[in-house]
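Undergrad: Dropping a structure here in structure tokens format, bear with me for questions.
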Amino acid sequence: GLRKSQDKLHQESSKIDTQKARSETLGGSSKRDIDINQRQIASVEKEVSVLKLENEETIKMVEEEDQIIDNIKTSIVRMRREIANQTKERDICRQQLGLVTKRAEQIEEKI
């Protein structure tokens, strides 16, 4: 979307330059031709301003999407860290259970 919008913006800007150059070289042209040219220039300039606005909106949307992606990445990192901590805790609990079981077996043997 952004690339297409920027290409269109460039295209319309080129049209304006062409129209302006054409109207400047019209020296001996009729007033009617010059008026038509100026209306075309105004129309293209209006289209360019609309495209610029769309371009800015597209950029803002892309930035918002980037922020959302960054937030998701941060959440994933946090979750992975939490999983690692829980895995460590589980391993410690297993070790402790093993020690308690061994101790219980020793006590049983004595009895």
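Undergrad: Provide, in order from the shortest bin, the percent of all Cα-Cα pairs of region 56-111 in each 5 Å bin, continuing until the bin that contains the maximum pair distance.
TA: 4, 17, 9, 11, 8, 7, 9, 6, 6, 5, 4, 4, 3, 2, 1, 1, 0
Undergrad: For the chain, with all protein chains present and a 1.4 Å probe, just round the carbon and sulfur fraction of the accessible area to a whole percent. Don't skip to the answer; put the middle values down first.
TA: Working: 5140 of 9440 Å².
Result for the chain: 54 percent of the exposed heavy-atom area is carbon or sulfur.
Undergrad: Could you work out the Rg to Rh ratio of the chain, with Rh taken as the Kirkwood radius (inverse of the mean 1/r over all Cα pairs)?
TA: We get a ratio of 1.73 for the chain.
Undergrad: Treating the beta-carbon of each Lys and Arg as +1 and of each Asp and Glu as -1, no other charges, what is the dipole magnitude of region 1-99 about its Cα centre, to the nearest 20 debye?
TA: Using Cβ point charges on Lys, Arg, Asp and Glu, region 1-99 gives about 260 debye.
Undergrad: If R0 is 25 Å, what FRET efficiency do you get for MET61 and GLN11 from their C-beta distance, rounded to 0.05? Please report the intermediate quantities before stating the final value.
TA: Working: r = 22 Å, r/R0 = 0.87.
Calculated transfer efficiency: 0.70.
Undergrad: Provide the per-residue ³J(HN,Hα) series for region 12-17, in order, calculated from phi with Karplus coefficients 6.51, -1.76, 1.60 and θ = phi - 60°, each as a whole number of Hz, with x at glycine and proline positions.
TA: Result, rounded to whole Hz: 5, 4, 5, 4, 4, 4.
Undergrad: Excluding ligands, DNA and RNA, what is the solvent-accessible area per residue of the chain at a probe of 1.4 Å, expressed in Å²?
TA: Numbers: 9440 Å² over 111 residues.
Per-residue value: 85 Å².
Undergrad: Report the full-extension gain for the segment GLU109 to GLU54: residue separation times 0.36 nm, less the Cα-Cα distance, to one decimal in nm.
TA: Details: separation 55, 0.36 × 55 = 19.80 nm, distance 8.17 nm.
This chain segment gains 11.6 nm when fully extended.
The values are calculated or read from the model by the stated rules, or taken from the named source; none is laboratory data. Bear in mind the structure is a predicted one, so any value in this text is a computation, not a measurement. Every residue, glycine as well, gets a Cβ built from its backbone with ideal geometry; the counts of neighbours run over all protein chains shown. Surface accessibility is based on the protein's heavy atoms, side chains included, excluding ligands, DNA and RNA. Shrake-Rupley method; radii C 1.70, N 1.55, O 1.52, S 1.80 Å.
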